[in-house]
1. Could you size up the charge dipole of segment 348-468 around its Cα centre, putting +1 on the beta carbon of Lys and Arg and -1 on that of Asp and Glu, and report it in debye to the nearest 20?
2. Do any trypsin sites (Lys or Arg not before Pro) in segment 278-376 lie in a loop, going by DSSP, with at most 10 other beta-carbon atoms within 10 Å of their beta carbon, and if so which?
3. Keeping every protein chain present and rolling a 1.4 Å probe, give me the accessible area per residue for segment 472-599 in Å².
4. Between segment 431-466 and segment 323-355, how far is it from one alpha carbon centroid to the other, in angstrom?
5. If we count every other residue with Cβ under 14 angstrom of residue 310's Cβ, Lys/Arg +1 and Asp/Glu -1, where does the sum land?
6. Taking all protein chains as present, what is the carbon and sulfur share of the accessible area of segment 275-434, in % to the nearest whole number, probe 1.4 Å?
7. Would you please name the trypsin sites (Lys or Arg not before Pro) within segment 137-218 that are DSSP coil residues with at most 15 other C-beta atoms within 10 Å of their C-beta?
8. Quote the convex hull volume per residue of segment 102-191, based on C-alpha atoms, as a whole number of Å³.
Amino acid sequence: MTSPTSGHLGSLSADREPGRGRLRRRFRVVSVCSRPRPWLALCALLAPVAGAVVTVNSRPSVLLLVADDLGIGDLGCYGNSTMNTPHLDRLAREGVRLTQHLAAASVCSPSRAAFLTGRYAVRSGMASDSELHRSLSWLAASGGLPGNETTLAEVLQQRGYRTGLIGKWHLGLSCAARGDHCHHPLSQGFEHFFGLPLGLRNECSGRASELHPGVRAGLWAATAALSLPPALLLLPLLASAGCRRRPAPLLAAAALSALLALLFFAAWFSSYGLARRWNCVLMRGHHVVQQPADPARLGAMMLRDALRFLDRHQRAPFLLLVSFLHVHTPLPTRASFVGRSKHGPYGDNVEELDWMVGKILEALDREQLTNSTLVYFTSDNGGREEAADGEARLGGWNGVYRGGRGSGGWEGGIRVPGIFRWPAVLEAGAVIDEPTSHMDLLPTLAYLAGGTLPQDRVIDGRNLMPLLEGRAAHSEHEFLFHYCGRRLHSARWHQRDCGTVWKAHFVTSRPGSHACSGAVTLHDPPLLFDLTRDPGERRPLDAEAEAGLASVLRRLEAARAAHEAAMTPGPPALTPARDLWLPWLQPCCGRACACDRAR
């Protein structure tokens, strides 16, 4: 195999570092020396240079695989013995597995914003305290990732990478006019996009919508209430049906109240009643190619597009983000996987996700890109514990961790799979227990590509390569902070001198609630957990009764105060006004916003 940068001049060897129990990989020249003797002089000149190649100059291609709402406990490599995930398990065996990998938020839009920008979502404005607007609800809303944010795609594109996004975006589309596409992936550093600019929803499969059920129930009730007056006014009119003259004022009042009820119904039903057509949209680049999208075909089309991208760009460094629609409800699964899992429709969907990952890894092998490609797998947040259809579970398993998607700072909502594989550099089978974050992707990839991080803003992520390569014993994150919307709910402290990870909850969501404010519990003093011994956060510690814990709490509270004092939130992008369906922003194709040009 050749190195990513040396053409025919490099191959990989591995030497064991003196005094250490892991491998250090370096480059050495071999292939050209088997050619005619005039090449020997060139070999002699290039050998010292090739031997000095280091990671930062390797410029690997990058393949990012991101699942939607996958629980950390759903994979065999994270301890699940009842789910069949051989390809992801293989990825973990051949790479580095992170056990304390963290999403920056427990719901989609803020988590994905932090993933791409290396910054807490509150800094970019992609956070909201409202339970209704914690993620974007409408494709035709004006909110989204601000254009002045720098994404990992932009950093790599500036270094000559070919960049592509296939799958779910969920970070906005347009700002002021249909087609301005200010939030579109192609405006954020990606040169290729094929997927759903919002995401997969229940209504995409014709099921009951998951969009604001309480609001919709209230709107139906209000419509019924507004329909009652005209019905009551009609009673005396019916009673006077035999009379030659009907009471004109009564007739006018009935007609006016009926018109008002009809207008109110039309106003809200034009959005919520047609949510499938408005939100389930498939795009290629800037163009809508299927409306409404057909969930049964999406997985196959996106896998095919990913394989085409790898084939087109195999000779140049590329960044490909495959943002899977799996394993979000309604869990569309190809027939060959239905009924295969022990865990019903959700398990079938997980196993199909694993198969799709396997097909993409096979393509890397086939194109001889495996050694020159950094592969990363994760989920945008924890699994949805509450998702069910009767007795059938439709959400993921978060292992021993408490809470799930949407549950603020509890571990189940933010602790996610994290697997890195780069055979030319990273030791196979390594396991790292240090705290790491989605936000670390931007500085890590900037380092590998030789890019420059933005100097005019705070980057919360840290370069992971020293940790992944074994050159650093500890993560650079001493403290990590966990937000629910715009409010800091909890913080963790990695006490490196003793290896303990402490976590304090200042605010927690109440049972059954995913709220960030309002239906929450404030804790003074904070709830304190030792995650090293109690990762499930089941046994809060008594700081007054146990010696030394009071100082731990003081350290966490001081870190929180310093962090909040230095935090400058961005202009809110997920307010009710910016997460409202606006007809003039709605992308459409064909007559009546319906078409199927997907292939």
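1. Numbers: 10 positive and 19 negative charges, 73 e Å.
Value, rounded to 20: 360 debye.
2. Working: sites: 284, 297, 304, 308, 312, 315, 334, 340, 342, 359, 366; in loops: 315, 334, 340, 342.
Loop-located and lightly packed - 315, 342.
3. Details: 6470 Å² over 128 residues.
Dividing the accessible area of segment 472-599 by its residue count gives 51 Å².
4. The two parts, judged by their Cα centres, are 32 Å apart.
5. Working: positive: 162, 304, 308, 312, 315, 359, 366; negative: 305, 311, 362, 365, 367.
Neighbourhood net charge equals +2.
6. Working: 2590 of 5340 Å².
Of the solvent-accessible surface of segment 275-434, carbon and sulfur hold 48 percent.
7. On the way: sites: 159, 162, 168, 178, 201, 207, 216; in loops: 159, 178, 201, 207.
Answer in residue order: 178, 207.
8. Details: hull volume 9.2 nm³, N = 90.
Cα-based convex hull of segment 102-191, divided per residue, equals 103 Å³.
The values are calculated or read from the model by the stated rules, or taken from the named source; none is laboratory data. Since the model is a prediction, treat every value here as computed from it, not as a measurement. Ideal geometry is used to build each Cβ from the backbone, glycine not excepted, and the neighbour counts take in all protein chains shown. Heads up: the accessible areas ignore ligands, DNA and RNA and are worked out on the full protein's heavy atoms, side chains in. Shrake-Rupley method; radii C 1.70, N 1.55, O 1.52, S 1.80 Å.
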